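Novice: Handing you a structure now.
The values are calculated or read from the model by the stated rules, or taken from the named source; none is laboratory data. Predicted model only: the values in this text are computed from it and were never measured. Note: ideal-geometry Cβ built from the backbone for every residue, glycine included; neighbour counts use all protein chains shown. Surface areas here come from the heavy atoms of the whole protein model, side chains and all, with no ligands, DNA or RNA. Shrake-Rupley method; radii C 1.70, N 1.55, O 1.52, S 1.80 Å.
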Amino acid sequence: MTDQPAFLQHLAAEDKLPSPRGPALRVLRLTQQENSSLEDLTHAIAADPVLTGRLLKAANAVRPVGQRPIAALRDAVRLLGFSAVRGLALGFCLLQNYRAGPCPAFDYPAYWSASLLRGLALQAICQEVRAIPVEEAFSLGLLARIGDLALASGAPAAYAEILALARPEQHAEARRRFGIDSAGLAQAMLTNWGLPSILTEPIAWQDQPDAAPFREGSRAWNLLQALRLATAIVEVSQAETEDRHGLVADLLMQGARLAIRPEHLPELVDRVVADWQDWAEVFSVPAEAPPPFAEISAPGALPEMGADPLQATPTRTRLRVLVVDDEASLRGFLRALLEQLGFEVLDAADGAIALDIAAREPLDLVVSDWLMPGIDGLELTRRLRESETGKTLFILLLTQLSDDDKLVEAFAAGVDDFIGKPLKPRVFAARLRAARRVITLRREVERDRLAFQRCAADFAATHQRLETMAHSDPLTGLAHRQHGIALLHQAVRQARQDGKPLHVILVTLPSLGPINHRFGRQAGDKFLVQTAHMLSTGLRPGDRICRYGDRSFLITCPDTPAPQAERAARRIAARIAEHAASLGHSPARIRLAALTAGIADEDALLDALENSAPLDADA
């Protein structure tokens with residue numbers, strides 16, 4: 001197994017780490033025991049009425065739309081699951097017990113206020129993009145910066161010196177002094193408390209996300225981006241009034257990375273802030289509400305973003321103009337005048353040369369004489385407009401002609417403007433300034449069109465990817481607990497309507513501790529994934545499976561008579577026992593329950609299932 005960081009071991013040895021106490025400690029120990037049950041966990045939490053109330057509040061925040069409010073602790077624990085209850089109990093306990101500490105430079109109330117806001121923000125974001133199951137998100141966001149608290153508690157004097165440095169320097173200095181920074185320490189602590197690595201690994205990269213090794217679009221990448229957006233919401237909400245507008249651009253950009261539409265962000269942020277006010281009152285931490293996000297992010301409120309990128313980029317600092325005239329002296333005059341006005345100039349002695357240059361060189365503007373031998377200015381305009389590159393060029397024609405019919409013909413061919421001969425430099429410069437505005441607007445429109453196309457394509461791809469991940473367990477890829485219970489609710493209702501039998505099977509693996517201890521945590525995760533694959537590949541088309549707990553799987557079998565369901569359950573038991581034996585592992589416990597007339601709903605069916613006796617695989 002991977003060793004704990006030396007600094008974490010040092011703090012633990014000196015009892016300086018933020019640690020759970022009372023009911024939270026009992027919850028942590030229960031979730032680490034092999035035979036702990038839902039009843040055990042509920043009983044441990046019920047000993048603390050305050051923790052009970054907070055868990056009920058957290059469960060109701062993530063209950064499915066249309067489901068009745070949760071009033072019973074047992075229902076809250078079932079909905080949230082062991083892992084989320086563990087995280088919430090830890091977070092709430094630490095928040096209650098570490099409101100002050102030995103580091104004078106560390107603002108403890110502001111830290112907990114930001115942690116609450118980050119947890120609520122991550123929960124709301126995960127309801128949109130499903131980076132992780134939403135019931136896990138609040139506790140993960142609440143504890144994401146636990147490394148800051150650990151440094152303030154374990155090394156207060158040294159951490160006070162680090163906090164005096166500029167923000168980018170703090171992480172490097174922490175690594176120099178302690179061998180680990182705050183984010184790495186947070187990951188190690190959360191892993192030590194039993195949170196799965198798929199949730200904790202992105203925590204280590206939250207301060208240097210651009211260096212993270214995650215593939216774009218992967219679960220870890222999505223979770224890291226969701227954490228970044230949650231942090232951006234915290235920074236905007238807690239910033240001084242004069243600093244807020246400067247932080248909005250980063251928040252909007254981060255939302256775009258997760259394909260959250262800009263028009264959805266104000267409602268999301270305002271909802272998070274309102275929940276933050278509510279939770280802050282529960283825990284008596286400061287939470288000064290910012291103005292509505294639509295007001296903060298209004299275009300007039302945003303700072304200037306610098307020069308127009310169409311006017312100055314690393315590769316193109318000036319607009320490019322092609323001068324076309326058969327008179328060398330006039331070409332020379334136009335070149336000098338245009339260069340003085342800040343253009344990059346190319347020239348051609350006739351229309352054929354001009355077409356060749358236009359096919360090879362990127363251009364913004366063409367200034368051409370009308371009357372030329374061979375291809376004249378009008379024919380040059382027609383051919384340019386027929387080409388892909390010439391459709392958006394601004395074409396200004398030099399002419400001595402004043403016949404209205406000729407001018408109408410020229411406009412019909414695609415000319416944008418005229419300038420009379422002989423040239424008047426001031427008038428010519430004014431025409432060019434007008435041309436520059438039109439060119440800039442055209443290119444802005446084109447840039448916005450391309451950006452919209454890219455954004456639409458990225459949004460569609462991201463939406464499709466996240467849609468497939470929305471209801472799945474991060475490790476096994478099966479439906480997660482909440483979605484599995486929702487599917488069971490549908491199956492119960494359908495079975496009642498059709499008058500057909502319904503059975504459920506609960507597969508509970510023994511403790512993975514021996515495998516983890518012998519081969520490492522990844523081996524335990526691999527065993528879970530293999531078991532999930534084995535179970536899912538043996539299902540009928542109408543059957544449903546979900547990861548029900550850390551070590552358990554729930555299979556719903558609609559329209560299945562009792563003998564057939566029992567055979568399936570025993571077959572599952574035998575297959576898993578054979579696989580477990582190959583690893584020197586104990587067999588799984590298999591339970592079976594049927595929907596009967598005395599069972600009212602899915603909750604009662606699950607109660608009957610969990611309280612049923614395990615099947616004997618050899619019977």
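Novice: For residue 114, are the conditions met, namely being open to solvent by 30 Å² or more (accessible area, probe 1.4 Å), out of contact with any Pro (no Cβ under 7 Å at 6 or more places or on another chain), of a type in the set (A, V, I, L, M) and in a helix (DSSP H, G or I)?
Specialist: So residue 114 does not fit the description; no.
Novice: Where in segment 529-606 are there strands (runs of 3 or more DSSP E), lying wholly inside it, with at least 1 residues that are of a type in the set (Ser, Thr, Tyr) and under 26 Å from residue 32 (Cα atoms)?
Specialist: Output list reads 544-549, 552-558.
Novice: If you don't mind, there's one more thing I want to ask. Can you confirm whether segment 182-202 contains a residue that is over 24 Å from residue 516 (Cβ atoms), touching a residue at least 12 places away in the same chain (Cβ under 8 Å) and either part of a loop (DSSP other than H, G, I, E, B) or within 13 Å of the chain's Cα centre (by Cα) (or both)?
Specialist: Checked against the condition, which is being over 24 Å from residue 516 (Cβ atoms), touching a residue at least 12 places away in the same chain (Cβ under 8 Å) and either part of a loop (DSSP other than H, G, I, E, B) or within 13 Å of the chain's Cα centre (by Cα) (or both), segment 182-202 yields no hits at all.
Novice: Checking residue 415 against (1) over 46 Å from the mean Cα position of the chain (by Cα); (2) aliphatic (A, V, I, L, M); (3) part of a helix (DSSP H, G or I), which test does it fail?
Specialist: (3)
Novice: So residue 217 clears everything in (1) part of a helix (DSSP H, G or I); (2) in contact (Cβ under 8 Å) with a residue 24 or more places away in the chain except one condition, right? Which one?
Specialist: Only one criterion in (1) part of a helix (DSSP H, G or I); (2) in contact (Cβ under 8 Å) with a residue 24 or more places away in the chain is unmet by residue 217, namely (1).
Novice: May I ask you to list the residues in segment 584-604 that are open to solvent by 70 Å² or more (accessible area, probe 1.4 Å) and of a type in the set (A, V, I, L, M)?
Specialist: 597, 600
Novice: Within segment 369-392, take every residue that is in a loop (DSSP other than H, G, I, E, B) and under 22 Å from residue 327 (Cβ atoms) and give me the one that is most open to solvent (accessible area, probe 1.4 Å).
Specialist: Among residues in segment 369-392 that are in a loop (DSSP other than H, G, I, E, B) and under 22 Å from residue 327 (Cβ atoms), the one most open to solvent (accessible area, probe 1.4 Å) is 371.
Novice: Taking the criterion of being surrounded by 13 or more Cβ atoms within 10 Å (Cβ to Cβ) and at pLDDT 50 or above, would at least one residue in segment 305-318 satisfy it?
Specialist: There is at least one residue in segment 305-318 that is surrounded by 13 or more Cβ atoms within 10 Å (Cβ to Cβ) and at pLDDT 50 or above.
Novice: Just give me the residues in segment 229-246 being buried (at least 21 other Cβ atoms within 10 Å of the Cβ) and farther than 22 Å from residue 286 by Cβ, in sequence order.
Specialist: 229
Novice: Next question, about the same structure. Step by step: first the residues of segment 29-45, then only those that are under 13 Å from residue 610 (Cβ atoms) and acidic (Asp, Glu), then the one that is least open to solvent (accessible area, probe 1.4 Å). Which residue is that?
Specialist: 40
Novice: Which count do you get for residues in segment 457-512 that are among the β-branched types (Val, Ile, Thr) and either touching an Asp or Glu at 6+ places or on another chain (Cβ under 7 Å) or part of a loop (DSSP other than H, G, I, E, B) (or both)?
Specialist: So the first thing to find is which residues in segment 457-512 are among the β-branched types (Val, Ile, Thr), and the list is 462, 468, 476, 485, 492, 504-505, 507-508.
Going one step further and asking which of them are either touching an Asp or Glu at 6+ places or on another chain (Cβ under 7 Å) or part of a loop (DSSP other than H, G, I, E, B) (or both), we end up with 476, 485, 492.
So the answer is 3.
Novice: In the set 69, 104, which member is open to solvent by 20 Å² or more (accessible area, probe 1.4 Å), in contact (Cβ under 8 Å) with a residue 24 or more places away in the chain and either out of contact with any Leu (no Cβ under 7 Å at 6 or more places or on another chain) or under 22 Å from residue 32 (Cα atoms) (or both)?
Specialist: Values: 69 fails: in contact (Cβ under 8 Å) with a residue 24 or more places away in the chain.
Result of the check over 69, 104: 104.
Novice: Continuing with this model, one more query. Between residues in segment 461-481 that are closer than 16 Å to residue 544 by Cβ and in contact (Cβ under 8 Å) with a residue 12 or more places away in the chain and residues that are of a type outside the set (S, T, N, Q) and surrounded by fewer than 19 Cβ atoms within 10 Å (Cβ to Cβ), which pairs lie under 6 Å by C-beta distance while being six or more apart or on different chains?
Specialist: 476/529; 479/471
Novice: Scan segment 111-132 and tell me whether some residue there is over 26 Å from the mean Cα position of the chain (by Cα), of a type outside the set (Asp, Glu) and under 26 Å from residue 227 (Cα atoms).
Specialist: no
Novice: Report, ordered by the first and then the second residue, all pairs with beta carbons closer than 7 Å, sequence separation of six or more or different chains, a first member in segment 500-518 that is hydroxyl-bearing (Ser, Thr, Tyr), and a second member that is modelled with pLDDT under 95 and open to solvent by 10 Å² or more (accessible area, probe 1.4 Å).
Specialist: The qualifying pairs are 508/551; 508/552; 508/588; 508/589; 511/34.
Novice: Is there a residue being out of contact with any strand residue (DSSP E or B) (no Cβ under 6 Å at 6 or more places or on another chain), of a type outside the set (Val, Ile, Thr), farther than 16 Å from residue 18 by Cβ and modelled with pLDDT under 90 anywhere in segment 178-200?
Specialist: yes
Novice: So is residue 192 open to solvent by 40 Å² or more (accessible area, probe 1.4 Å), out of contact with any His (no Cβ under 6 Å at 6 or more places or on another chain) and not charged (D, E, K, R) or not?
Specialist: yes
Novice: List, please: which pairs have Cβ atoms under 6 Å, are six or more places apart or on different chains, and start with a residue in segment 440-456 that is in contact (Cβ under 8 Å) with a residue 40 or more places away in the chain and basic (Lys, Arg) and end with one that is open to solvent by 80 Å² or more (accessible area, probe 1.4 Å) and not in a helix (DSSP H, G or I)?
Specialist: Close Cβ pairs satisfying both conditions: 442/392.
Novice: I would also like to ask the following. From 435, 359, grab the single residue that is surrounded by 15 or more Cβ atoms within 10 Å (Cβ to Cβ) and either on the phi > 0 side of the Ramachandran plot or in contact (Cβ under 8 Å) with a residue 24 or more places away in the chain (or both).
Specialist: Of 435, 359, the one residue that is surrounded by 15 or more Cβ atoms within 10 Å (Cβ to Cβ) and either on the phi > 0 side of the Ramachandran plot or in contact (Cβ under 8 Å) with a residue 24 or more places away in the chain (or both) is 435.
Novice: Another question, if that's okay. If I go through segment 247-296 residue by residue, how many of them are modelled with pLDDT under 80, open to solvent by less than 50 Å² (accessible area, probe 1.4 Å) and farther than 18 Å from residue 231 by Cβ?
Specialist: 1
Novice: Could you list, in sequence order, the residues of segment 14-28 that are open to solvent by 50 Å² or more (accessible area, probe 1.4 Å) and within 16 Å of residue 101 (Cβ to Cβ)?
Specialist: 14, 15, 16, 21 - these are the residues of segment 14-28 that are open to solvent by 50 Å² or more (accessible area, probe 1.4 Å) and within 16 Å of residue 101 (Cβ to Cβ).
Novice: Same structure, new question: Looking at (1) within 56 Å of the chain's Cα centre (by Cα); (2) outside any loop (DSSP other than H, G, I, E, B); (3) surrounded by 14 or more Cβ atoms within 10 Å (Cβ to Cβ), which one does residue 330 not meet, given that it meets all the others?
Specialist: If we test residue 330 against (1) within 56 Å of the chain's Cα centre (by Cα); (2) outside any loop (DSSP other than H, G, I, E, B); (3) surrounded by 14 or more Cβ atoms within 10 Å (Cβ to Cβ), just (1) comes out false.
Novice: Are any residues in segment 78-94 aliphatic (A, V, I, L, M) and crowded, with 24+ Cβ neighbours inside 10 Å, and if so, which ones?
Specialist: Within segment 78-94, 80, 84, 85, 88, 89, 90 qualify.
Novice: Hey, can you tell me all the residues within segment 507-541 that are touching a Ser or Thr at 6+ places or on another chain (Cβ under 9 Å), within 19 Å of residue 569 (Cβ to Cβ) and open to solvent by less than 40 Å² (accessible area, probe 1.4 Å)?
Specialist: Listed by number, the residues that qualify are 507, 508, 509, 510, 531, 532.
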